[in-house]
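Engineer: Pasting in a structure now, in structure tokens, and then I'll have a few things to ask.
The values are calculated or read from the model by the stated rules, or taken from the named source; none is laboratory data. For clarity, every value in this text was computed on a predicted model and none was experimentally measured. Cβ atoms come from the backbone with ideal geometry, glycine included; neighbour counts cover every protein chain shown.
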Amino acid sequence: MRQFLFSNMTLSDLRSLVEIEERSVGNHVWGQAEAVLLTHDEQRQVQDVRSRLMNYRTQLMNEATVWARAIYPLLVLAEQDYVQAWAEVSLRGRYVTFEVSGIADGVLGKGLSGEIEAPYLVVVEAKRGIEAQNPQYQLYAQVLAAARMNWELDRSDPQIVFGCYTVADVWTFVRAEVANMESDRPLLRLEPSREYSEKLEAEIILKILKQIVTQRLADLSTAASF
């Protein structure tokens with residue numbers, strides 16, 4: 001079995017493992033978040049996050065500072081019921097012919113006994129410097145791992161998983177559909193969003209996060225009723 005780490009994943013590696021279908025940037029999925037309502041307290045907390053960013057040049061901050069000031073606070077605000085925000089999470093997806101594993105910078109998902117059980121959104125914070133990798137391919141590998149972990153719980157095919165990579169305070173989301181989970185070559189369908197700047201669009205970023213969590217909880221509730 002071929003084994004791959006998230007941090008080393010390349011486009012060539014991905015193409016050797018799965019069939020990839022990537023749509024152009026659209027607004028079908030992401031536009032739905034406009035209808036999400038934020039409470040007064042959520043609006044206040046988002047404004048607090050924005051105000052702490054406005055006078056900082058996030059492009060010059062190190063990754064740990066950006067994560068603490070900009071990224072993780074919004075993930076926490078999206079928590080609902082048993083879906084919680086996690087940082088530095090170990091993920092592993094074992095398919096028929098390959099395995100992908102590594103550490104996700106952030107996750108929104110369901111935990112059990114202090115470990116992530118079902119990741120619904122995975123987050124990659126883009127690394128900088130000459131050794132930095134393209135965050136998209138790292139994210140896609142994490143999406144594959146998350147999809148497999150969720151499949152092992154409910155055996156649904158296809159699996160829908162969301163991902164996001166951040167560059168400084170700019171967020172880019174992706175909706176991923178992983179099908180043919182038990183085949184030698186699964187299918188990975190991707191629908192990316194546009195870029196969202198947290199300094200200007202923190203509210204819509206939170207709405208997207210909340211929409212993802214709310215929809216996942218609704219899907220699980222519907223499945224449990226059958």
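Engineer: Could you look through region 144-173, keep only residues that are closer than 18 Å to Leu75 by Cβ, among the aliphatic types (A, V, I, L, M) and buried (at least 24 other Cβ atoms within 10 Å of the Cβ), and pick out the one that is farthest from the chain's Cα centre (by Cα)? So that I can check it myself, show each step before the final result.
Structural biologist: To start, the set of residues in region 144-173 that are closer than 18 Å to Leu75 by Cβ comprises 146, 161-173.
Going one step further and asking which of them are among the aliphatic types (A, V, I, L, M), we end up with 146, 161, 167-168, 170.
After this cut, where a residue has to be buried (at least 24 other Cβ atoms within 10 Å of the Cβ) as well, the list is 146, 161.
Working: Ala146: 9, Val161: 8 Å.
Applying the filter and picking the extreme gives Ala146.
Engineer: So, one more: For Leu188, indicate whether it is surrounded by fewer than 20 Cβ atoms within 10 Å (Cβ to Cβ) and either in a strand (DSSP E or B) or of a type outside the set (D, E, K, R) (or both). Can you show your working first?
Structural biologist: On the way: surrounded by fewer than 20 Cβ atoms within 10 Å (Cβ to Cβ): no; either in a strand (DSSP E or B) or of a type outside the set (D, E, K, R) (or both): yes.
It is false that Leu188 is surrounded by fewer than 20 Cβ atoms within 10 Å (Cβ to Cβ) and either in a strand (DSSP E or B) or of a type outside the set (D, E, K, R) (or both).
Engineer: Scan region 93-107 and tell me whether some residue there is modelled with pLDDT under 95 and out of contact with any Phe, Trp or Tyr (no Cβ under 8 Å at 6 or more places or on another chain).
Structural biologist: Our first condition is that a residue be modelled with pLDDT under 95; within region 93-107, this holds for none.
Among the residues of region 93-107, not one is modelled with pLDDT under 95 and out of contact with any Phe, Trp or Tyr (no Cβ under 8 Å at 6 or more places or on another chain), which makes the answer no.
Engineer: Let me ask something else. Please find, within region 71-94, the residue that is farthest from Leu217 (Cα to Cα) out of those that are assigned to a loop (DSSP other than H, G, I, E, B) and touching a Lys or Arg at 6+ places or on another chain (Cβ under 6 Å). Spell out how you get there, then give the answer.
Structural biologist: Of the residues in region 71-94, the ones assigned to a loop (DSSP other than H, G, I, E, B) are 78-79, 81-82.
Within this subset, residues satisfying the condition of being touching a Lys or Arg at 6+ places or on another chain (Cβ under 6 Å) are 78, 82.
Values: Ala78: 12, Tyr82: 9 Å.
Filtering first and then ranking leaves Ala78.
For (1) in contact with a Leu (Cβ under 9 Å, 6 or more places away or on another chain); (2) of a type in the set (Ser, Thr, Tyr); (3) touching a residue at least 60 places away in the same chain (Cβ under 8 Å), each residue gets a yes or a no:
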| site | (1), (2), (3) |
| --- | --- |
| Ser16 | no, yes, no |
| Arg23 | yes, no, yes |
| Gly31 | no, no, no |
| His40 | no, no, no |
| Met54 | no, no, yes |
| Ile71 | no, no, yes |
| Glu88 | no, no, no |
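Engineer: Consider region 19-70. How many of its residues are of a type in the set (A, V, I, L, M), assigned to a loop (DSSP other than H, G, I, E, B) and in contact with a strand residue (DSSP E or B) (Cβ under 7 Å, 6 or more places away or on another chain)?
Structural biologist: Filtering region 19-70 for residues of a type in the set (A, V, I, L, M) gives 20, 25, 29, 33, 35-38, 46, 49, 53-54, 60-61, 64, 66, 68, 70.
Of the ones still in play, those that are also assigned to a loop (DSSP other than H, G, I, E, B) are 25, 29, 36-38, 61.
Now drop any that are not in contact with a strand residue (DSSP E or B) (Cβ under 7 Å, 6 or more places away or on another chain), which leaves 25, 29.
The total comes to 2.
Engineer: Okay, next question. Would you check if Glu182 is crowded, with 19+ Cβ neighbours inside 10 Å and of a type in the set (Asp, Glu)? Quick ask: steps written out before the conclusion?
Structural biologist: Details: crowded, with 19+ Cβ neighbours inside 10 Å: no; of a type in the set (Asp, Glu): yes.
So Glu182 fails the test.
Engineer: Identify all residues within region 132-164 that are charged (D, E, K, R) and assigned to a helix (DSSP H, G or I); write none if there are none. Talk me through it step by step, then tell me what you get.
Structural biologist: Within region 132-164, the first condition is being charged (D, E, K, R), and the residues that meet it are 148, 152, 154-155, 157.
Those that are charged (D, E, K, R) and assigned to a helix (DSSP H, G or I): Arg148, Glu152, Asp154.
Results for (1) assigned to a loop (DSSP other than H, G, I, E, B); (2) at pLDDT below 95, shown as yes or no for each residue.
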{"position": "Thr172", "(1), (2)": "no, no"}
{"position": "Glu177", "(1), (2)": "no, no"}
{"position": "Met181", "(1), (2)": "yes, no"}
{"position": "Asp184", "(1), (2)": "yes, no"}
{"position": "Lys199", "(1), (2)": "no, yes"}
{"position": "Leu206", "(1), (2)": "no, no"}
{"position": "Thr214", "(1), (2)": "no, yes"}
{"position": "Thr222", "(1), (2)": "no, yes"}
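Engineer: Could you list all residues from region 63-101 that are basic (Lys, Arg) and farther than 19 Å from Phe6 by Cβ?
Structural biologist: Of all residues in region 63-101, those basic (Lys, Arg) come to 69, 92, 94.
Matches in region 63-101: Arg69 only.
Engineer: All but one of (1) out of contact with any Asp or Glu (no Cβ under 8 Å at 6 or more places or on another chain); (2) more than 20 Å from Glu42 (Cα to Cα); (3) in contact (Cβ under 8 Å) with a residue 24 or more places away in the chain hold for Pro186; which doesn't?
Structural biologist: Failed condition: (1).
Engineer: Looking at (1) exposed (fewer than 12 other Cβ atoms within 10 Å of the Cβ); (2) among the aliphatic types (A, V, I, L, M); (3) under 20 Å from Leu139 (Cβ atoms), which is the one condition that is false for Met54?
Structural biologist: Of everything listed in (1) exposed (fewer than 12 other Cβ atoms within 10 Å of the Cβ); (2) among the aliphatic types (A, V, I, L, M); (3) under 20 Å from Leu139 (Cβ atoms), Met54 misses just condition (3).
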